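I have placed the structure first, in the form of structure tokens, so that the comments after it can refer back to it.
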Amino acid sequence: MAADEVVAPIYTPHIGESRQYWRDIILGVNDGLVSTYLLVVGVIGGGMVMGDVLLTGIAGALAGAVSMAAGEYLATKSQDEVLAAELSLEKEHLRDHREQEVDQLRGFFSDMGVADEDLDGVVEAFDRSDEAMLNAMAALEFGVVESERRSPFLAMAASGGLFLVGAMPSVVPFVIFDTTATALTWASVLALGSLFVVGVVKASVAKTNKVKSGLENLAIAGVGGVIAWVIGTAVGGTLA
């Protein structure tokens, strides 16, 4: 290679088709880790015995997974239905109020920084096709492009399934070990360690500081665990 030859930077690809589901992925597994761990810590602080802690953890994990899955399905489906209604109305606007929509599109491109001398040509290119106009307005007016739309079923599976996965580190030790103290110690190690890993993974995708993100995730659950223990102990003492 010649000394003066410029080496192009390595091309870094986008994360692709999973991008729109990262909210569900992170929310599902993180919520499963945090909520189940805090539940277990709280009931142990309240004085529950081993078998009751296990039953509570399993019930909490299943209830949380079903709730997350159902909630995400309904929320995503409702959002998709609202968008479909908006696009249907937009088709009417393009048919009956074309000039107003064209002016609106011109304003969007102007706000995006398209030079004034180029605006007419850009807008005219879109105005030649109803499909192009509809796709442009969907993206610029409603903030949605087809490739970023989320399937309610995939969103449901990601949130509910990963909540259940996140709950496991706080439940499994109570199946394996014989004493509450040992099981809680392992649950703490596994749950908090998993939270740190989730923070690192999230930062890897978002291109932010991995250690900071992991510690942030860890700190939230750690503080929550202390609060859950204190409240559980206080309530358990009151009911005793």
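Worth pointing out:
- In whole percents, the pair-distance distribution calculated for the range 74-159 from its alpha-carbon pairs, binned every 5 Å from zero, is 3, 13, 23, 20, 15, 11, 7, 5, 2, 0.
- Using a cutoff of 8 angstrom between alpha carbon atoms and counting only pairs six or more residues apart, the relative contact order for the chain works out to 38 percent.
- Dipole check for the range 109-227: with +1 at the C-beta of Lys and Arg, -1 at the C-beta of Asp and Glu, and the Cα centre as origin, the magnitude is about 1320 Debye.
- Among (i) 76, 61, 26; (ii) 57, 47, 47; (iii) 67, 35, 32, the entry derived from the coordinates for Cα extents along the principal axes in Å: (i)
- Per-residue 3J(HN,Hα) values for the range 174-191, derived from phi via the Karplus relation 6.51 cos²θ - 1.76 cosθ + 1.60 with θ = phi - 60°, read 7, 8, 7, 9, 9, 10, 4, 4, 5, 5, 5, 4, 5, 4, 5, 4, 5, 5 Hz in sequence order (x marks Gly and Pro).
- Whole-Hz couplings from phi, Karplus 6.51/-1.76/1.60, listed for the range 84-91; x for Gly and Pro: 4, 5, 5, 5, 5, 5, 5, 4
- GNM remark for the chain: springs join alpha carbons under 10 Å apart, and the peak mean-square fluctuation among Val165, Val114, Val197 falls on Val114.
- 3J(HN,Hα) couplings calculated from phi for the range 210-218 with the Karplus curve 6.51 cos²θ - 1.76 cosθ + 1.60 (θ = phi - 60°) are, in sequence order, 5, 5, 4, 5, x, 5, 4, 4, 5 Hz; Gly and Pro show x.
- Dipole axis of the chain (+1 Lys, Arg; -1 Asp, Glu on Cβ), positive-most option in Gly160, Asn135, Ser188: Ser188
- Cα lying deepest toward the dipole's positive end in the chain, options Gly121, Gln79, Thr56, charges on Cβ: Thr56
- The charge dipole of the range 22-235, taken about the Cα centre with unit charges on the Cβ atoms of Lys, Arg (+1) and Asp, Glu (-1), comes to about 1680 debye, rounded to the nearest 20.
- Structure remark: mean-square fluctuation, Gaussian network model of the chain, C-alpha springs under 10 Å; the largest value among Ser194, Ser159, Ser170 belongs to Ser194.
- Inter-label distance, Ala63 to Glu99: 6.2 nm, where each label sits 7 Å from its Cα along the C-beta direction.
- Of Leu192, Leu119, Leu140, the one that fluctuates the most in a GNM where the chain has Cα springs shorter than 10 Å: Leu119
- Between the amide H of Val114 and any residue lying 5 or more places away or on another chain, no distance stays under 5 Å, with hydrogens modeled in the peptide plane.
- For the chain, calculated [θ]222 nm from helices alone, where every DSSP H run of n ≥ 4 adds -39500 (n - 2.57): -27500 deg cm²/dmol
- Rounded to the nearest 20, the size of the Cβ-charge dipole of the range 83-152 about its Cα centre is 380 debye, with Lys and Arg at +1 and Asp and Glu at -1.
Here, each number is a calculation from the coordinates, and none is a lab measurement. Bear in mind the structure is a predicted one, so any value in this text is a computation, not a measurement. As a convention, Cβ positions derive from the backbone with ideal geometry for all residues, glycine included, and neighbour counts pool all protein chains shown.
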